[in-house]
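S.K.: My structure is below; once you've seen it, I'll send some questions.
What follows is calculated from the coordinates using simple rules that are stated; it is not laboratory data. These figures come from a predicted structure and were not determined experimentally. All Cβ positions, glycine included, derive from the backbone under ideal geometry; neighbour counts span all protein chains shown.
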Protein chains: 2
Amino acid sequence: MSVFEELSKTTCFGGSQLTLSHDSKATGTPMKLSVFVPPAAADAPVPCVFWLSGLTCTEENFTVKAGAQRMASELGLIVVAPDTSPRGEGVADDEGYDLGQGAGFYVDATEAPWTPHFKMYSYVTEELPALIREAFPVRPGGLGVMGHSMGGHGALTVALRNSELFKSVSAFSPIVAPTQAPWGRKALAAYLGDDQTKWAAHDACELVCSRGFPTQILVDQGDADGFLEEQLQTWRLVDACKEVGQSAKIRMQPGYDHSYFFIATFIDDHLRHHARILG
Amino acid sequence: MSVFEELSKTTCFGGSQLTLSHDSKATGTPMKLSVFVPPAAADAPVPCVFWLSGLTCTEENFTVKAGAQRMASELGLIVVAPDTSPRGEGVADDEGYDLGQGAGFYVDATEAPWTPHFKMYSYVTEELPALIREAFPVRPGGLGVMGHSMGGHGALTVALRNSELFKSVSAFSPIVAPTQAPWGRKALAAYLGDDQTKWAAHDACELVCSRGFPTQILVDQGDADGFLEEQLQTWRLVDACKEVGQSAKIRMQPGYDHSYFFIATFIDDHLRHHARILG
C-alpha cells in the first residue's frame, strides 16, 4: 500500500472501505483519507472518483453518510475522499468554521499565515492522484471528481483546470462563484490576498467561460437549501454554461436541503454519470 | 403530529426524515427518535418497521449511517428508530458503555438505581407503537421490528414476546443469548436482579424454545465480528431454531464486522423481508 498507513479496513458491499493516513509533501502534514475499493478492482483496473467534502468535514462524513458504496460496488468504482484541509497543532487556524482547518477551499495559499500548509489544490490535483495510482488499480484515464458545497466548488474548479486529469465532474450544492459570495470572498482573500484578479482561477463560472469542460457537467442543488441564495448562487453556473454552450445538467431538486440526506438521495445518479464517462 | 415535537425535518428519497422528541410516560424522561416517512404514506397507510440500536447509540446512528431510506422509500415503509435508553442529569448511569444511559437493553428495570426510568421494554412495546400509530399512517397489523447487537437482542425478544404486535422480525449481529454472555449477564443482573429465572424472558434463544415466532426470523452476522464468540454466540440461536423447528434464515456473512458498513450492505434485504411479511 506504498506510502499509506492503514488506519482501518472494513468489508462493505463486497469491497473494502479503508481509512488511510500519509505524510503529505504538499501540505507538510499528515493527511487522512478514505478509500472504497470495489470487488471488481481485484480482477482489473477500474475507474476512480475523488469526492471533495464541504466546510467542517473530514474524510469521514461522506464515507459514513452518503451511502455511496452500494452503487460504487455495483459499478466497479474506486471512491477516494480526502480530508478538507491540513490539520494539527502547528497548522494555522481561524475561529470561523469557514476558514482554516476544515476549510481549505482547494486552493494553494500564498498569504500568511496559511502559506506553509494550505496547499489543497496541489494536494488533490497532483500528490493524491499520483499516490492513489501507485497504491490502487486505477484504470489509465479513468479519474473523475465530485464534491459538495465547498467541495463542489473544489470539484468543478480542479476539473475545469485539469481536464486532462479529471475526465468527469459533478457536484452537489456547489459554491459556483466564490468570487461573488461571502464564503468564497472571505476564503479567497485570506488564502490568495486582496488582488481579485488571482481569484478568477478558482471560480467555476469564470472557468466555464474561459476554459469549458469536454464532458457534461452534472450538478444537483436543493431548492430548500438555506445557503442557495447567498452562498451557492446556482443560477450563475446555469447562465455561464448557457453563455458558452457548455454541456451541463443542472437540476434544481424540489424540497431538498444542504444535508447528506440530499446527497444520499442522488449519489447513485452521480456515480452512474462518472461510470458512464469513465467507461 | 400529536405528542411529538419536531426537531428536524429533511427531504430524503422523496420522503421525510424526521427527528422527534416527546415526554415519555414509560421512562419519565424526554425521548428522541427518528422517523422516515416514505412518499407512499401520503396516499394510504403503509407498514412500519422499528429499528432498535445497539450499545452507545442514539436515534441518530442508524438514521445517518445505515442508508435505509432508499429502500424504505421504494418499498413504502415507515422506519422508526428510538434512542437506546432514557438520558439526562436525573437519570442513573454507569461508567461502563454497556450499562445505563445508551444501554437500556430493552427491559423494564426492577432494581435500584435503574427502576424509575429504565423501562425500555414498555417503551418500545406499548407507548411508542401507540404514539406512532396516532401520528403516522401505519397500516393495521403492519408493524415489524429489527435491530443491531443489543438492539438485535431487543428486536428478537420484543417480537417473540409480542407476536400479535410485531408481525415480522430481523436482526443484525444480535446478542442471541444474553443470559450466557458478559454484556447480557451484566445488564440483566443490574436491571432485573440476581434471580436468573427472571432473565429468561429476555433471552431470544429461551423465547424461541418457549414461544416461537409465526414468521421467518432473518439474522445476518459477520464472521469477522470481534464480538461474535464472547458476546453474540450466534450458534446458540441456530441450535435453538433447529431444536424447535423455528423458521429462520441465519446467515454468516464472510469478512464482515460489527459496524454500520455491515448493516448498510444488508439493510435492503432486511427491509424487503419486513415488506414481504407485512404485505
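S.K.: As an exercise, find the ratio Rg/Rh for chain A from alpha-carbon atoms, using the Kirkwood inverse-distance average for Rh.
M.R.: Computed over Cα atoms, the ratio is 0.94.
S.K.: With just the Cα atoms of region B:1-156, tell me how far they stretch along each of the three principal axes, in Å, largest first.
M.R.: Principal-axis extents of the Cα atoms in region B:1-156, largest first: 47, 28, 28 Å.
S.K.: In region B:132-175, whose amide N lies under 19 Å from the spot 7 Å out along Cα-to-Cβ of B:ALA44? List them in ranges.
M.R.: Residues B:136-144 fall inside that zone.
S.K.: Continuing with the same structure: Just to confirm the numbers: A:ASP94, label point 7 angstrom along the Cα-Cβ line, distances to the other copies in nm, shortest first?
M.R.: Relative to the other copies, A:ASP94 has label-point distances of 4.7 nm.
S.K.: Please compute, for the alpha-carbon atoms of region B:118-220, the extent along each of the three principal axes and give them in descending order in Å.
M.R.: Result for region B:118-220: principal-axis Cα extents of 41, 28, 22 Å.
S.K.: Just to verify a number: FRET efficiency for B:ARG211 and A:SER210, C-beta to C-beta distance, R0 = 60 Å, to 0.05?
M.R.: Rounded to the nearest 0.05, the efficiency is 0.25.
S.K.: For A:GLN180 and B:THR110, what does the FRET efficiency come to when R0 = 41 Å and r is the distance between their Cβ atoms, rounded to the nearest 0.05? Mind showing how you got there, number by number?
M.R.: Values: r = 64 Å, r/R0 = 1.56.
That pair, A:GLN180 with B:THR110, gives E of 0.05.
S.K.: Where in region A:21-64 does the amide nitrogen come within less than 20 Å of the point 7 Å from the Cα of A:SER122, taken along Cα to Cβ?
M.R.: Once the point is set 7 Å along Cα→Cβ of A:SER122, A:22-33 turn out to lie under 20 Å by backbone N, inside region A:21-64.
S.K.: Let me ask something else about it. If the viscosity is 1.567 mPa s and the temperature 4 °C, what translational diffusion coefficient in µm²/s does Stokes-Einstein give for region B:214-253 when Rh comes from Kirkwood over Cα pairs?
M.R.: Rounded, D is 121 µm²/s.
S.K.: While we're on this one: Before anything else, pin down the relative contact order of region A:51-138: Cα pairs under 8 Å, at least 6 apart, normalised by residue count, whole percent.
M.R.: 25
S.K.: Take the eigenvalues of the Cα gyration tensor for the protein assembly as shown, scale each by 5, and report the square roots as semi-axes in whole Å, largest first.
M.R.: Result for the protein assembly as shown: semi-axes of 45, 24, 23 Å.
S.K.: Based on the alpha carbons, how large is the Rg to Rh ratio for region B:23-103 when Rh follows Kirkwood?
M.R.: Ratio of gyration radius to Kirkwood radius: 1.06.
S.K.: Let me check against my output: what whole-number percent is the relative contact order of region B:4-61, with C-alpha pairs under 8 Å and at least 6 apart?
M.R.: Averaging sequence separation for qualifying contacts and normalising by length gives 25 percent for region B:4-61.
S.K.: Magnitude of the Cβ-charge dipole of region B:67-160, K/R +1 and D/E -1, about the Cα centre, nearest 20 debye?
M.R.: That gives region B:67-160 a dipole magnitude of about 540 debye.
S.K.: In nm to one decimal, list the spacings between the A:ARG251 label point and its equivalents in the other copies, with label points set 7 Å along Cα to Cβ, shortest first.
M.R.: Those label-point separations list as 2.9 nm.
S.K.: Obtain the nm distance between the two label points defined at A:ALA130 and B:ARG251 by a simple spin-label model: each point lies 7 Å from its Cα along the Cα-to-C-beta direction.
M.R.: In this crude spin-label approximation the distance works out to 4.4 nm.
S.K.: Next question, about the same structure. Assigning unit charges at the beta carbon (Lys, Arg +1; Asp, Glu -1) and nothing else, what dipole magnitude in debye, to the nearest 20, does the protein assembly as shown show about its Cα centre?
M.R.: Dipole of the protein assembly as shown, to the nearest 20 debye: 1640 debye.
S.K.: Sorted from shortest, what are the nm distances separating the label point of A:LYS198 from equivalent points in the other copies, each placed 7 Å from Cα along Cα to C-beta?
M.R.: 7.2
S.K.: Explain nothing, just compute: Karplus ³J(HN,Hα) = 6.51 cos²θ - 1.76 cosθ + 1.60, θ = phi - 60°, for every residue of region B:248-260 in order, whole Hz, x for Gly and Pro.
M.R.: So the J values, rounded to whole Hz, are 7, 10, 10, 10, 8, 9, x, x, 8, 9, 9, 8, 5.
S.K.: Continuing with this model, one more query. Once R0 is set to 22 Å, what does the formula 1/(1 + (r/R0)^6) return for the Cβ-Cβ distance between A:SER163 and A:VAL3, expressed as a FRET efficiency to the nearest 0.05?
M.R.: Efficiency at R0 = 22 Å is approximately 0.25.
S.K.: Choose one of A:GLY193, B:PRO39, B:VAL145: the residue whose Cα lies farthest towards the positive end of the charge dipole of the protein assembly as shown (beta-carbon charges +1 Lys, Arg; -1 Asp, Glu; about the Cα centre).
M.R.: So the residue furthest toward the plus end is B:PRO39.
S.K.: If you only keep lysine pairs separated by 8 or more in sequence, or across chains, how many in chain B come under 23 Å at the Cα atoms?
M.R.: For chain B, qualifying lysine pairs total 11.
S.K.: Whole angstrom only: what separates the Cα centroid of region B:25-65 from the Cα centroid of region A:76-124?
M.R.: 37
S.K.: Quick one: in chain B, whose Cβ comes closest to the B/A rotation axis, and how close in angstrom?
M.R.: Smallest Cβ distance to the axis, with its residue: B:GLY67, 2.
S.K.: Right, something else. Normalising by the residue count of chain B, find the relative contact order in percent from Cα pairs under 8 Å and 6+ residues apart.
M.R.: 17
S.K.: Moving to a separate point now. Only helical DSSP H runs with n ≥ 4 go in: add -39500 (n - 2.57) per run for chain A, normalise by residue count and round the 222 nm mean residue ellipticity to 500 deg cm²/dmol. Can you show the working numbers first?
M.R.: Numbers: 8 runs with 81 residues, N = 279.
After summing the helix terms and dividing by the residues of chain A, the value is -8500 deg cm²/dmol.
S.K.: Using only Cα atoms, what is the ratio of the radius of gyration of region A:59-127 to 2.2 N^0.38 Å? Write down the numbers at each step before the final one.
M.R.: Details: Rg = 14.6 Å, N = 69, 2.2 N^0.38 = 11.0 Å.
Its radius of gyration relative to the 2.2 N^0.38 Å reference: 1.33.
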